[in-house]
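Heads up, the thing below is written out as structure tokens.
No value in this document is a laboratory result; all are computed from the given coordinates. Bear in mind the structure is a predicted one, so any value in this text is a computation, not a measurement. As a convention, Cβ positions derive from the backbone with ideal geometry for all residues, glycine included, and neighbour counts pool all protein chains shown.
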Amino acid sequence: MNKLIYSETEARQELTQLLADINSPQEIADFLAAFIKESEVSNLAKRVAILKLLEENVSYEDIQNQLSVSSATVSAVAQTRELPISQRILERIAAQNWADQQFKKIQQYFNPDQPKNQSQTL
């Protein structure tokens, strides 16, 4: 009988370190596509969206309808709102939204003829 030489704890620690070491959105997307089912990625993305929408005081019912999720899922995410990691996620989302808005303002300043609802990547 073979002795277990690689524990789940070791695997989780290695995964955690791997994720911490990934430093590009494309590499994260590639990792998720290679190792996580599309439905699992979708569920995780929806949970982050739920967190954001709850922070914006969107009703449970509107969240359920907009994201096609159950009330149990919305409730489960709501229970995580006060966790430090949830607060850091919301801070990062807010910072990214602020940066996107500033980029659009700068872009509009240098390209005043461009319609405001169109975005252009550099």
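Numbers at a glance
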{"quantity": "Meets criteria (of a type in the set (Gly, Ala, Ser), out of contact with any Cys (no Cβ under 8 Å at 6 or more places or on another chain) and closer than 26 Å to ASN97 by Cβ) for ALA72", "calculated": "no"}
{"quantity": "Test: residue in the range 11-23 that is small (Gly, Ala, Ser), part of a loop (DSSP other than H, G, I, E, B) and either farther than 19 Å from ARG88 by Cα or in contact with a strand residue (DSSP E or B) (Cβ under 9 Å, 6 or more places away or on another chain) (or both)", "calculated": "no"}
{"quantity": "Verdict on LEU53 being without any contact (Cβ under 8 Å) to a residue 12 or more places away in the chain, closer than 23 Å to SER42 by Cα and not acidic (Asp, Glu)", "calculated": "no"}
{"quantity": "Enumeration of residues in the range 79-97 that are surrounded by fewer than 15 Cβ atoms within 10 Å (Cβ to Cβ) and in a helix (DSSP H, G or I)", "calculated": "PRO84, ILE85, GLN87, ARG88, GLU91, ARG92, ALA94, ALA95, GLN96, ASN97"}
{"quantity": "Residue in the range 37-74 that is nearest to ILE93 (Cα to Cα), counting only those that are in a helix (DSSP H, G or I) and among the hydroxyl-bearing types (Ser, Thr, Tyr)", "calculated": "SER42"}
